[in-house]
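The structure appears right after this line, and notes come after that.
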Amino acid sequence: MTLDQEIQRMADRYAAQGYAVTVRPGPDDLPAFAHDFRVEIVGRRGAEGVLVAVKKSRREFAADPAMSGYAEAVAGHPDWRFDIVLVEREDPKFRDISDARDFSGEEIDKSLADAVSIAGLGFGRAATITAWAGLEAAMRMRLRAGGEAAGWGTPPREMLNELYSSGLLSADEFRRLGALTQFRNQIVHGFSPPASAAPAESDAVQLLSDVARRLVGESQPA
């Protein structure tokens with residue numbers, strides 16, 4: 001699929017969700033706080049809005065320094081969200097899991113329980129990352145249970161977007177998990193997040209655990 005085809009496919013998808021969509025918006029089509037953003041799609045639905053960046057690959061996304069700034073700017077506006085879409089979902093150069101398999105429900109639960117134990121020892125960052133692992137596995141499980149494709153190479157932010165668009169995450173959960181995505185990325189890549197952006201560690205572990213366990217429960221047959 002070409003980039004233009006993917007942009008149109010996503011524009012149609014947002015339109016089907018009730019958004020008034022503009023493809024390749026100019027400054028006048030964007031909200032005031034994002035007038036200089038270069039995104040492929042803007043959508044408005046009542047008081048809500050979404051800005052969508054469509055990239056060919058994860059490498060292209062990582063090479064664009066504006067993306068993290070966009071995410072931070074949008075995070076300050078609760079009625080708006082920033083979605084990222086990758087045309088090439090899985091780059092073989094990033095595949096390094098060999099024959100590893102997804103967590104089972106029991107393994108997700110253990111990861112979450114381990115996070116609580118680690119937090120109790122005072123290792124808040126490690127606890128947050130451990131709980132995040134359980135959440136990612138739970139998101140993939142829930143999306144697949146609903147007939148969506150999700151596996152190695154599916155970005156966490158894309159899964160959050162899909163779960164939120166499907167009504168499986170509340171607006172508050174989506175906002176808080178979006179902020180935790182950035183915190184997680186900074187930590188695992190060896191950066192120190194600004195003190196003002198660091199979440200309360202006990203709250204982060206609790207949120208990740210609550211959402212992950214709910215998603216696992218919703219993935220099981222009735």
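The values are calculated or read from the model by the stated rules, or taken from the named source; none is laboratory data. Small disclaimer: the values here were computed from a predicted structure and weren't measured. Don't worry about glycine lacking a Cβ; one is built from the backbone with ideal geometry, like all the others, and counts go over all protein chains shown.
Residues 122, 151: which one is over 29 Å from residue 59 (Cβ atoms) and either without any contact (Cβ under 8 Å) to a residue 12 or more places away in the chain or in a loop (DSSP other than H, G, I, E, B) (or both)?
Exactly one of 122, 151 is over 29 Å from residue 59 (Cβ atoms) and either without any contact (Cβ under 8 Å) to a residue 12 or more places away in the chain or in a loop (DSSP other than H, G, I, E, B) (or both), namely 122.
When segment 22-38 is examined, which residues are found to be free of Cβ contacts under 8 Å to residues at least 40 places away in the same chain and under 21 Å from the mean Cα position of the chain (by Cα)?
Within segment 22-38, 37, 38 qualify.
Read through the list (1) at pLDDT 90 or above; (2) hydroxyl-bearing (Ser, Thr, Tyr); (3) within 25 Å of residue 131 (Cα to Cα), then give the number of the only condition that residue 22 fails.
With respect to (1) at pLDDT 90 or above; (2) hydroxyl-bearing (Ser, Thr, Tyr); (3) within 25 Å of residue 131 (Cα to Cα), residue 22 is out only on (3).
Looking at segment 70-91, can you tell me whether even one residue there is part of a helix (DSSP H, G or I), at pLDDT 90 or above and not assigned by TED's automatic domain parsing to the domain that holds residue 170?
The answer is no, given that none of the residues of segment 70-91 is part of a helix (DSSP H, G or I), at pLDDT 90 or above and not assigned by TED's automatic domain parsing to the domain that holds residue 170.
Suppose we filter 181, 128 for residues that are within 24 Å of residue 83 (Cβ to Cβ), β-branched (Val, Ile, Thr) and surrounded by fewer than 21 Cβ atoms within 10 Å (Cβ to Cβ); which single one remains?
Checking each option against the conditions leaves just 181.
Is one or more of the residues making up segment 183-205 farther than 24 Å from residue 45 by Cβ and among the acidic types (Asp, Glu)?
So far as segment 183-205 goes, yes, one or more of its residues are farther than 24 Å from residue 45 by Cβ and among the acidic types (Asp, Glu).
Name the residue, out of 100, 63, 115, 15, that is more than 21 Å from residue 173 (Cβ to Cβ) and at pLDDT 90 or above.
15
Restricting to segment 34-69, name every residue that is outside any helix (DSSP H, G or I), in contact with a strand residue (DSSP E or B) (Cβ under 8 Å, 6 or more places away or on another chain) and of a type in the set (Gly, Ala, Ser).
Those that are outside any helix (DSSP H, G or I), in contact with a strand residue (DSSP E or B) (Cβ under 8 Å, 6 or more places away or on another chain) and of a type in the set (Gly, Ala, Ser): 43, 49, 53, 57.
Among 214, 175, 157, which is the only one that is touching a Ser or Thr at 6+ places or on another chain (Cβ under 8 Å) and in a helix (DSSP H, G or I)?
Going through 214, 175, 157 in turn, the sole match is 157.
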